[in-house]
There are 2 protein chains.
Amino acid sequence: MNVSFIGLGIMGLPMAKHLYRAGYLYKVYNRTRAKADYFLERGLEVSHTPKEAAAGANYIITIVSNSSDVEEVILGRNGVIHSASRGSTIIDMSSINPEISKQISLRLNEKGIQFIDAPVSGGEQGAIAGKLAIMVGGREEVVKDAEKVLKVMGSPVHVGAVGSGGYAKLANQIMVALHLQAMSEAFTLAKKANLDAEQLYLAIRNGLAGSHALDQKVSNIVEGEYEPGFKVSLHLKDLNNVLDAANELGVHLPITNEIQRFMKEMHREGMGELDHSSLYTYLQKKQ
Amino acid sequence: MNVSFIGLGIMGLPMAKHLYRAGYLYKVYNRTRAKADYFLERGLEVSHTPKEAAAGANYIITIVSNSSDVEEVILGRNGVIHSASRGSTIIDMSSINPEISKQISLRLNEKGIQFIDAPVSGGEQGAIAGKLAIMVGGREEVVKDAEKVLKVMGSPVHVGAVGSGGYAKLANQIMVALHLQAMSEAFTLAKKANLDAEQLYLAIRNGLAGSHALDQKVSNIVEGEYEPGFKVSLHLKDLNNVLDAANELGVHLPITNEIQRFMKEMHREGMGELDHSSLYTYLQKKQ
């Protein structure tokens, strides 16, 4: 089994290392070539283009920044589409607009290439631990066949047809945004009422107010430190995708809308590089 | 150790039973006397007034519906204040406006009676299991002394001075409201995108989107059943208390405000008796 990997960023690099250790990794490609040194030192082929990386692979994984980057590495002049074998599967693990995933899939299918979208949640820590939540969209048999590859990086769950992985990720990002806002408003009230934030956390964490976002981010609020983690600017990109998708589907999401507006303002005010839990700081400023 | 218990409602009755089984229960009082049959049959005194119940007790627990009920049973004509011994402790476990708790505490302290506010989270299930989250406000030594009583019903955490328990409960209810809205918006988008709701849940539950509210309430959304649980009308009461408190403290809570507006409209439209997870249904109607 040959897996080529395109996109060795914060998430991609540790994911590719898991595939290497499993003995699946074939070739890698990254725009900034130096990021591939780990694999070069171990004798792997570091390709000069996505097209080169895809040639001869059974599975080609892409994980890049946004919709246009995905289009570039798959459909662009030096894209995967020009060399991928009939019957091979492209697994896009980027977080993009799911409607674009559907379009890409159609283009690939015309050439006998399979496509699934499989964005992830769990952050850099999850990628390093090989414990990502992987939300998978695609045809049943294609997804089933790719599971052995995905399981090396985390826990894949098949949520529907192509594009569904992306929609699940958007649903995920809606929830995370609202959970962070929940924490922000609750701890803002508590602070003004002179409650001890850590004791409050201990008092509520096991009840219906408990959440993974609270467990992972409450220390940021307590310590006033917003080292990312996951940047406001990236969450804003996701919420922009959410609202584009909502618009296309005719769905009204009133609170997501509000929080997107908050993050847009944070971005404008120079808070884009902070962890997204800094929604708390933003709310403090609005008092 | 003598503990008298006032208020044998959905929450109070199972809580009092735990105290009975622990050998702590002394006398009980409830407005509707028939609710006390369990204790009458077991030879306990069922008092005719809160005042009667409080006489001779070391600890007097009150858990009733709202601020004015608490004022009535503690400060009213037949209230606890007229018979409670100097040095005894009144533990109010109702969910009320924390500023009222502070006022009640001052009145009691003048007569040498201690007061702590200790509202709970965890619902009827938590009460029956003796596993409530108990948020406690009061002076250090008074809280410490009362812990052996509270531990029979759940896990007490001391969050600050008198009133802090109530503020912690309000913070808790903010978070729960936003978590339910998070789920509503995420699953509304997912539904329109033809995702399978149960698969979506499995895909996201272990990541940063995971929450106790999601775990406990997703089946309501999947099955379209909104048997309470916790009623919209009660959560609305709590959010009204939140916004009153926020107003008094000069705190701006933009999203809590919005969701209080949603619940007010739900109440007006006859959805007040449904479980609060019906925020999802309300959002469906707005599409």
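Read-outs throughout are calculated quantities, based only on the coordinates presented, and are distinct from any laboratory measurement. Bear in mind that the values here come from a model prediction, so they are computed numbers and not experimental data. All Cβ positions, even for glycine, are placed from backbone atoms using ideal geometry, and neighbour counts span all protein chains on display.
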- prompt: Can you give me the pair-distance distribution of the protein assembly as shown, C-alpha pairs, 20 Å bins, whole percents?
  reply: 21, 44, 25, 9, 1
message: Which residues does the label zone of residue A:227 cover in region A:1-27, counting backbone N under 19 Å from a point 7 Å along Cα→Cβ?
response: A:10-11
statement: From fewest to most C-beta neighbours within 10 Å, the residues B:70, A:64 line up as A:64, B:70
query: Where both partners of a DSSP beta bridge lie in chain A, what percent of those bridges are antiparallel, to the nearest 5?
result: 15 percent
- request: Give the percent of DSSP beta bridges with both residues in the protein assembly as shown that are antiparallel, rounded to the nearest 5.
  value: 15 percent
- request: Using only Cα atoms, find the angle between the long axis of helix A:140-150 and the longest principal axis of chain A, and express it within 0 to 90 degrees, rounded to the nearest 10.
  value: 80 degrees
field: Potential extension, residue B:287-residue B:240 segment - 0.36 nm per residue separation minus Cα distance
entry: 14.3 nm
task: Find every distance from the label point of residue B:247 to the corresponding label point in the other copies (7 Å from Cα along Cα→Cβ) and write them in nm, one decimal, shortest first.
output: 3.7
statement: Nearest 10, in degrees from 0 to 90: the angle of helix B:212-223 to the longest Cα principal axis of chain B is 60 degrees
- line: For residue B:26, the residues 5 or more places away or on another chain with a placed amide H closer than 5 Å to its own amide H are B:3, B:4, B:5
Exposure proxy ranking, count of Cβ atoms within 10 Å, fewest first, for B:262, A:115: B:262, A:115
query: So which chymotrypsin sites (Phe, Trp or Tyr not before Pro) in region A:24-112 pass both tests, a DSSP loop state and at most 11 other Cβ atoms within 10 Å of the Cβ?
result: none
task: In nm, give the distance between the simple-model label positions of residue B:145 and residue A:264, each being 7 Å from the Cα along the Cα-to-Cβ direction.
output: 5.7 nm
field: Calculated label separations, residue A:1, copies of the chain, 7 Å along the beta-carbon direction, nm
entry: 5.8
Value of D in µm² per second that Stokes-Einstein yields for region A:15-104, Kirkwood Rh from Cα pairs, at 4 °C (1.567 mPa s): 96 µm²/s
query: Across the residues of B:237-246, average count of Cβ atoms on other protein chains within 10 Å?
result: 1
message: On the principal axes of its Cα set, how long, how wide and how thick is region A:3-161? Give whole Å, largest value first.
response: 37, 32, 25
query: So what is the 222 nm mean residue ellipticity for chain B from helices alone, if each DSSP H run of at least 4 adds -39500 (n - 2.57) and you divide by all residues, rounding to the nearest 500 deg cm²/dmol?
result: -16000 deg cm²/dmol
message: Need one word for region A:167-285: rounded, prolate or oblate. Basis is the Cα gyration tensor (sqrt eigenvalues a ≥ b ≥ c); a/c below 1.5 gives rounded, then a/b vs b/c decides.
response: prolate
Note, ³J(HN,Hα) from phi for region B:173-178, Karplus 6.51, -1.76, 1.60, rounded to Hz, x at Gly and Pro: 6, 4, 4, 4, 4, 5
- line: Put in order of increasing Cβ neighbours within 10 Å, starting from the fewest, A:89, A:256, B:281, A:32 give A:32, B:281, A:89, A:256
message: What are the ³J(HN,Hα) couplings of region A:12-23, residue after residue, when phi is run through the Karplus curve with 6.51, -1.76, 1.60 and θ = phi - 60°? Round to Hz, x for glycine and proline.
response: x, 4, x, 5, 5, 4, 4, 5, 4, 5, 7, x
- prompt: How big is the shadow of the Cα convex hull of chain A, averaged over all directions, in nm²?
  reply: 15.8 nm²
